[in-house]
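What follows is one structure encoded as structure tokens, with my remarks underneath.
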Amino acid sequence: MGGYYHSLPGDALRLFINRAAEVQRAMGFQNEKDHPEVAPSQFEINYGYAEVVAAADQIQIYRLICRQVATKMGLTACFLPKPIVGVNGTGMHSNVSIMKDNKNVFWDPQGLEKMSPFAWQFVDRILTHGNDLCLIFNSSVNSYRRLDPHFEAPNQLKASAVDRGSMVRIPLGNSSTARLEVRAVAPDANPYMLLYSIFRTGIEGNIAEVENLRSAQRFLPDNIYDAIKNFHNAEWKTKLLGEDVKERFVELKKASADRCPRLLGTVVKAPEVQFHNEVYTQFLWNLF
């Protein structure tokens with residue numbers, strides 16, 4: 001219940017974090033820092049960057065490690081975005097940068113927030129297509145409970161260095177660490193689709209002719225049906241994924257949504273959990 005850094009050596013969550021970190025090292029990628037988070041039994045482990053496909057692999061391995069270590073300890077690792085109403089949900093803040101000739105092209109010591117014009121164009125493209133991308137970033141019914149700014153979750157289509165309700169945050173950085181943090185990502189997102197969508201959109205996407213694009217009061221959907229509609233109607237998603245993959249993804253997500261009540265309400269419903277892809281995956285892995 002203590003939040004950031006409040007844990008004793010024998011605390012069950014601290015023991016879990018330490019054991020998960022040991023397994024990570026054995027699997028070839030090491031956590032850089034870790035700590036308990038705001039919600040009860042919630043934690044954060046940050047590990048070093050990697051090239052995009054390896055990074056997506058590591059996200060999958062990380063989830064598997066957490067499930068297996070938790071099972072060995074008689075616990076359950078939960079990747080539901082919002083398992084409990086009224087406390088902070090769980091996100092997967094995705095930090096990205098681009099290197100060219102061993103130089104970080106997002107860095108500009110003279111630029112706004114010390115970011116280059118290219119980096120800001122990258123941000124603008126993500127914001128322009130934010131509603132189109134939302135279903136990739138938040139692909140489950142439960143994930144739309146998390147997009148509530150009262151719990152430090154981002155639901156606003158804007159960029160900021162300090163506002164935690166913004167879809168994109170600009171962390172402090174230097175010539176090697178300058179990056180963008182895409183905050184509107186749930187922990188059950190497909191990492192391969194996620195990173196592919198972020199990078200290709202940031203490089204090739206459109207930039208809307210909207211005044212104050214980076215600070216305008218525009219919002220992400222608050223339910224999966226609106227997200228499906230935005231995704232289905234987006235020409236950019238057809239270009240990004242192809243018509244066949246796009247339609248198949250819509251069918252799968254609509255089938256998942258139709259198993260759950262249309263209105264989220266104030267209580268997490270059983271179908272949100274029962275038909276959640278991460279719960280199925282966790283159950284299967286726990287058989288091994």
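The values are calculated or read from the model by the stated rules, or taken from the named source; none is laboratory data. All values reported here derive from a predicted model rather than from experimental measurement. All Cβ positions, glycine included, derive from the backbone under ideal geometry; neighbour counts span all protein chains shown.
Quick check on the range 196-206. Is at least one of its residues among the basic types (Lys, Arg) and under 16 Å from the mean Cα position of the chain (by Cα)? I'd like the intermediate steps shown before the answer.
Taking the range 196-206 and keeping what is among the basic types (Lys, Arg), we get 200.
After this cut, where a residue has to be under 16 Å from the mean Cα position of the chain (by Cα) as well, the list is none.
So far as the range 196-206 goes, no, none of its residues is among the basic types (Lys, Arg) and under 16 Å from the mean Cα position of the chain (by Cα).
Checking the structure you have, find out if any residue of the range 93-104 is in a loop (DSSP other than H, G, I, E, B), small (Gly, Ala, Ser) and either in contact (Cβ under 8 Å) with a residue 40 or more places away in the chain or touching a Ser or Thr at 6+ places or on another chain (Cβ under 6 Å) (or both). Please lay out each step first, then the result.
So in the range 93-104, the residues in a loop (DSSP other than H, G, I, E, B) come out as 93, 97-98, 101-102.
Of the ones still in play, those that are also small (Gly, Ala, Ser) are 97.
Imposing the further condition that a residue be either in contact (Cβ under 8 Å) with a residue 40 or more places away in the chain or touching a Ser or Thr at 6+ places or on another chain (Cβ under 6 Å) (or both) reduces the set to 97.
Yes, because at least one residue in the range 93-104 is in a loop (DSSP other than H, G, I, E, B), small (Gly, Ala, Ser) and either in contact (Cβ under 8 Å) with a residue 40 or more places away in the chain or touching a Ser or Thr at 6+ places or on another chain (Cβ under 6 Å) (or both).
Just the residues that are at pLDDT 90 or above and among the charged types (D, E, K, R), please, taken from the range 140-170.
Within the range 140-170, ARG145, ARG146, LYS158, ARG169 meet the criteria.
Does ARG145 qualify as being basic (Lys, Arg) and touching a strand residue (DSSP E or B) at 6+ places or on another chain (Cβ under 8 Å)? Step through it out loud before you land on a result.
Details: basic (Lys, Arg): yes; touching a strand residue (DSSP E or B) at 6+ places or on another chain (Cβ under 8 Å): no.
Here the answer is no, as ARG145 does not meet what is asked.
When you go through ALA189, ALA216, ALA184, ALA234 one by one, which is the residue that is touching a residue at least 24 places away in the same chain (Cβ under 8 Å) and more than 18 Å from ARG125 (Cα to Cα)?
Working: ALA216 fails: more than 18 Å from ARG125 (Cα to Cα); ALA184 fails: more than 18 Å from ARG125 (Cα to Cα); ALA234 fails: more than 18 Å from ARG125 (Cα to Cα).
Residue meeting the stated conditions: ALA189.
In the range 145-170, which residues are among the polar types (S, T, N, Q) and assigned to a loop (DSSP other than H, G, I, E, B)? Even if it seems obvious, please write down each step before you answer.
Kept after step one, since they are among the polar types (S, T, N, Q), are these residues of the range 145-170: 155-156, 160, 166.
Scanning the range 145-170 gives a single hit, ASN155.
Sort out which residues of the range 20-44 are touching a helix residue (DSSP H, G or I) at 6+ places or on another chain (Cβ under 7 Å) and outside any helix (DSSP H, G or I), and write them in order of number.
Of the residues in the range 20-44, the ones touching a helix residue (DSSP H, G or I) at 6+ places or on another chain (Cβ under 7 Å) are 20, 23-24, 27, 29-31, 34, 36, 41, 43.
Once the filter is applied, which keeps residues that are touching a helix residue (DSSP H, G or I) at 6+ places or on another chain (Cβ under 7 Å) and outside any helix (DSSP H, G or I), the range 20-44 yields MET27, PHE29, GLN30, ASN31, ASP34, PRO36, SER41, PHE43.
Looking only at the range 245-281, which residues are loosely packed, with under 13 Cβ neighbours inside 10 Å, modelled with pLDDT under 90 and assigned to a helix (DSSP H, G or I)?
ALA270, GLN274, TYR280
Restrict the check to the range 186-208 and report whether at least one residue is in contact with a Ser or Thr (Cβ under 9 Å, 6 or more places away or on another chain), assigned by TED's automatic domain parsing to the domain that holds HIS232 and of a type in the set (Ser, Thr, Tyr). Working first, answer last.
The initial filter retains those residues of the range 186-208 that are in contact with a Ser or Thr (Cβ under 9 Å, 6 or more places away or on another chain), namely 186-191, 193-195, 198, 201, 205-208.
Within this subset, residues satisfying the condition of being assigned by TED's automatic domain parsing to the domain that holds HIS232 are 186-191, 193-195, 198, 201, 205-208.
After this cut, where a residue has to be of a type in the set (Ser, Thr, Tyr) as well, the list is 201.
For the range 186-208, residues in contact with a Ser or Thr (Cβ under 9 Å, 6 or more places away or on another chain), assigned by TED's automatic domain parsing to the domain that holds HIS232 and of a type in the set (Ser, Thr, Tyr): present.
Is there a residue being over 23 Å from ARG262 (Cα atoms), at pLDDT 95 or above, of a type outside the set (Val, Ile, Thr) and assigned to a loop (DSSP other than H, G, I, E, B) anywhere in the range 118-128?
Keep residues of the range 118-128 that are over 23 Å from ARG262 (Cα atoms), which gives 118-128.
Now restrict to residues that are at pLDDT 95 or above: 118-128.
Okay, now just the ones that are also of a type outside the set (Val, Ile, Thr), so 118-122, 124-125, 127.
Then keep just the ones that are assigned to a loop (DSSP other than H, G, I, E, B); that gives none.
Within the range 118-128, not a single residue is over 23 Å from ARG262 (Cα atoms), at pLDDT 95 or above, of a type outside the set (Val, Ile, Thr) and assigned to a loop (DSSP other than H, G, I, E, B).
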